[in-house]
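Accompanying notes for the structure given below.
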Amino acid sequence: MHNNLVIAGIALLAVGTYAMRFAGYRLGSRMQMSDSVRNMLSDAATVLLLAVAVTTALFEGSHFAGVARIAGVLFAVFLAWRRTPLILVIIGAAVMTALLRYFGVP
């Protein structure tokens, strides 16, 4: 049952993101909007996905995910900022989190 809810949540986010992008594309040329409104609509889907990513990084279910996961995410952000290839960012974050958990950091 829990896996079905996760899959439904992912599907709902995907449909919502697509709908927001499609609406911006279709309505952008038909409606008179200021540049600030256009920028806000353009960034809305990104903000939604970022909010989901932050929530996932901080919480596991209804409990705090722990310092090790946050350190892994911050390490991944650092590697991405340094323009490291994506596979190395993923592996680096996983290794950082695993090492911290191995040494007893919650």
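Can you pull out the trypsin sites (Lys or Arg not before Pro) in the range 45-106 that DSSP calls coil and that have at most 15 other Cβ atoms within 10 Å?
Numbers: sites: 69, 82, 83, 101; in loops: 82, 83.
Sites meeting the loop and neighbour criteria: 82, 83.
Only Cα pairs under 8 Å and at least 6 apart count here; give the relative contact order of the range 18-106 as a rounded whole percent.
It comes to 22 percent, rounded to a whole number.
With every atom except the alpha carbons ignored, what do you get for Rg and Dmax of the range 1-83, in angstroms?
Using the Cα atoms of the range 1-83, the pair Rg, Dmax is 16.8, 48 Å.
Of 96, 40, 20, which is the most mobile in a GNM of the chain whose springs link Cα atoms less than 10 angstrom apart?
Top of the fluctuation ranking is 40.
Filter the trypsin sites (Lys or Arg not before Pro) in the range 1-53 to those in DSSP coil with at most 14 other Cβ atoms within 10 Å of their Cβ, and list the result.
The qualifying sites are 30.
What's the FRET efficiency of residue 56 with residue 30 using the Cβ-Cβ distance as r and R₀ = 25 Å, to the nearest 0.05?
0.10
Using R₀ = 25 Å, calculate the FRET efficiency as 1/(1 + (r/R₀)^6) where r is the Cβ-Cβ separation of residue 80 and residue 8; round to 0.05. Could the numbers behind the result be given before it?
On the way: r = 29 Å, r/R0 = 1.16.
Step by step, r from the Cβ atoms, then E = 0.30.
Determine the dipole magnitude for the chain: charges of +1 sit on the beta-carbon of Lys and Arg, -1 on that of Asp and Glu, nothing else is charged, the reference point is the Cα centre, and the result goes in debye to the nearest 20.
On the way: 8 positive and 3 negative charges, 46 e Å.
Dipole size: approximately 220 debye.
Is any helix in the chain, taking whole DSSP H runs, at least 20 angstrom long along its axis by alpha carbon and on average at least 1.0 on the Kyte-Doolittle scale, and which ones? Don't skip to the end; give the middle numbers.
Details: long enough: 2-28 (38 Å, 0.82); 35-58 (34 Å, 1.17); 67-81 (21 Å, 2.11); 86-102 (24 Å, 2.21).
Answer set is 35-58, 67-81, 86-102.
Return the whole-Å distance between the Cα centroid of the range 7-23 and the Cα centroid of the range 40-106.
22 Å
Here, each number is a calculation from the coordinates, and none is a lab measurement. As the structure is a computational prediction, the values presented were derived from the model and not from experiment. As a convention, Cβ positions derive from the backbone with ideal geometry for all residues, glycine included, and neighbour counts pool all protein chains shown.
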